[in-house]
Amino acid sequence: MATSNTSASTTPASGLREFWYYFSVNRGAVIGLTVFAILVFVAIFAPLIAPHLPDVQYRDALLKPPIWDANSDPRFILGTDPVGRDILSRLIHGARYSLFIGFFVVVGALVVGVILGVLAGYFRGWVDVLIMRIMDIILAFPPLLLALVLVAILGPGLFNAMIAIALVLQPHFARLVRAAVMAEKNREYVTAAKLSGAGHFRLMMITILPNCLGPLIVQATLSFSNAILEAAALGFLGMGAQPPTPEWGTMLASAREFILKAPWVVTFPGLAILITVLAINLIGDGLRDALDPKLKRS
């Protein structure tokens, strides 16, 4: 009895060690995780880290270059924007918006996509046809174009942009879950659960769905980076977050006319988007290697 309890208690720990081993083999994934952890830390403690308030305008310091330039102002490490706001402070506070956008979009797309995918894969028939044809229609449109149309209908704004992006991304989750459920529902453990009297809801959500989590985690990670990119694109086009919100895409939009005169006002928000998306994609690659048994090294 004691032996069984000991083995049961050590199984999760050994599983976690195995996961970390295969994840850490990918050096890029570890670097991405480190960068992402720093971004999360910066986002959480933005009011304490930022040297200035993000919306305060210093009229005596318009378009000041970064600190390594001879004409810089030592108060502003990365310079200021066209109305005298500190770029570094706006980037730090912008990390909050970007990570919140990614989290909100992924959770919304994941919940809707999982429900639709489970229903389609489990019941098949007309339910499957109806759901999948709707997903096909959504996937037939370019994601950014469809998000633009939805935001134009809902109205410009950060919240409406997040809803539009979530609707655009959820078909990927629905199709992934549908395929996984179809592969799992005829296995022996599902048949045993049916014979024991489990209902449809229990079979779908408790018996089958937990065995589909590996691909879902990887897809959620990649959708996180897509959500940040889509939100930045909508902000750049004036359909996402509205000024003076320190969202990275909106910062790019307000500074594009100064790209030649003051290139730092577009360079730093662009680099922030690039580094964040690259870090999340590297994490996704590491998760794929760690969660897919076919890719694990012997």
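A compact table of results
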{"item": "Residues satisfying the stated conditions in the range 168-189, i.e. open to solvent by 40 Å² or more (accessible area, probe 1.4 Å) and of a type in the set (A, V, I, L, M, F, W, C)", "result": "176, 179, 182, 183"}
{"item": "Failed item, numbered, when residue 77 is tested on (1) more than 14 Å from residue 245 (Cβ to Cβ); (2) buried (at least 17 other Cβ atoms within 10 Å of the Cβ)", "result": "(2)"}
{"item": "The range 278-298, subset farther than 16 Å from residue 223 by Cβ and open to solvent by 20 Å² or more (accessible area, probe 1.4 Å), residue modelled with the lowest pLDDT", "result": "298"}
{"item": "Selection from the range 259-275 of residues that are in contact (Cβ under 8 Å) with a residue 24 or more places away in the chain, over 16 Å from residue 86 (Cα atoms) and either among the hydroxyl-bearing types (Ser, Thr, Tyr) or part of a helix (DSSP H, G or I) (or both)", "result": "273, 275"}
{"item": "Selection count where residues are open to solvent by 50 Å² or more (accessible area, probe 1.4 Å) and within 19 Å of residue 272 (Cα to Cα), scope the range 50-67", "result": "4"}
{"item": "One residue from 24, 72, 14 being over 30 Å from residue 281 (Cβ atoms), at pLDDT below 90 and open to solvent by less than 60 Å² (accessible area, probe 1.4 Å)", "result": "72"}
{"item": "Residues satisfying the stated conditions in the range 60-104, i.e. more than 18 Å from the chain's Cα centre (by Cα), in a helix (DSSP H, G or I) and of a type in the set (S, T, N, Q)", "result": "89"}
{"item": "Where a residue in the range 89-114 is more than 24 Å from residue 213 (Cβ to Cβ) and its partner, wherever it lies, is in a helix (DSSP H, G or I) and among the hydroxyl-bearing types (Ser, Thr, Tyr), with Cβ under 8 Å and at least six apart", "result": "95/276; 98/276"}
{"item": "Conditions (1) within 29 Å of residue 159 (Cα to Cα); (2) modelled with pLDDT under 85: number failed by residue 275", "result": "(2)"}
{"item": "Some residue of the range 181-200 being aromatic (Phe, Trp, Tyr) and under 21 Å from the mean Cα position of the chain (by Cα)", "result": "no"}
{"item": "Residue check, residue 129 farther than 14 Å from residue 226 by Cα and either modelled with pLDDT of 95 or more or part of a helix (DSSP H, G or I) (or both)", "result": "yes"}
{"item": "Count of residues meeting criterion [more than 25 Å from the chain's Cα centre (by Cα), among the hydrophobic types (A, V, I, L, M, F, W, C) and open to solvent by 30 Å² or more (accessible area, probe 1.4 Å)] in the range 227-268", "result": "4"}
{"item": "Some residue of the range 141-149 being surrounded by 17 or more Cβ atoms within 10 Å (Cβ to Cβ) and free of Cβ contacts under 8 Å to residues at least 60 places away in the same chain", "result": "yes"}
{"item": "Filter result for residue 47 (under 26 Å from residue 277 (Cβ atoms) and either assigned to a loop (DSSP other than H, G, I, E, B) or in contact with a strand residue (DSSP E or B) (Cβ under 6 Å, 6 or more places away or on another chain) (or both))", "result": "no"}
{"item": "Long-range neighbours under 7 Å by Cβ, at least six apart or interchain, first residue touching a residue at least 24 places away in the same chain (Cβ under 8 Å) within the range 41-57, second in a loop (DSSP other than H, G, I, E, B)", "result": "54/85; 54/246; 55/85; 55/244; 56/85; 57/83; 57/84; 57/85"}
{"item": "Residues that are assigned to a helix (DSSP H, G or I) and either at pLDDT below 90 or surrounded by fewer than 23 Cβ atoms within 10 Å (Cβ to Cβ) (or both), drawn from the range 152-165", "result": "152, 153, 154, 158, 159, 160, 163"}
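The values are calculated or read from the model by the stated rules, or taken from the named source; none is laboratory data. These numbers come from a predicted model, not from an experiment. Counting neighbours? That spans all protein chains shown, and the Cβs are built from the backbone with ideal geometry, glycine included. With ligands, DNA and RNA removed, areas are computed over all heavy atoms of the protein, side chains included. Shrake-Rupley method; radii C 1.70, N 1.55, O 1.52, S 1.80 Å.
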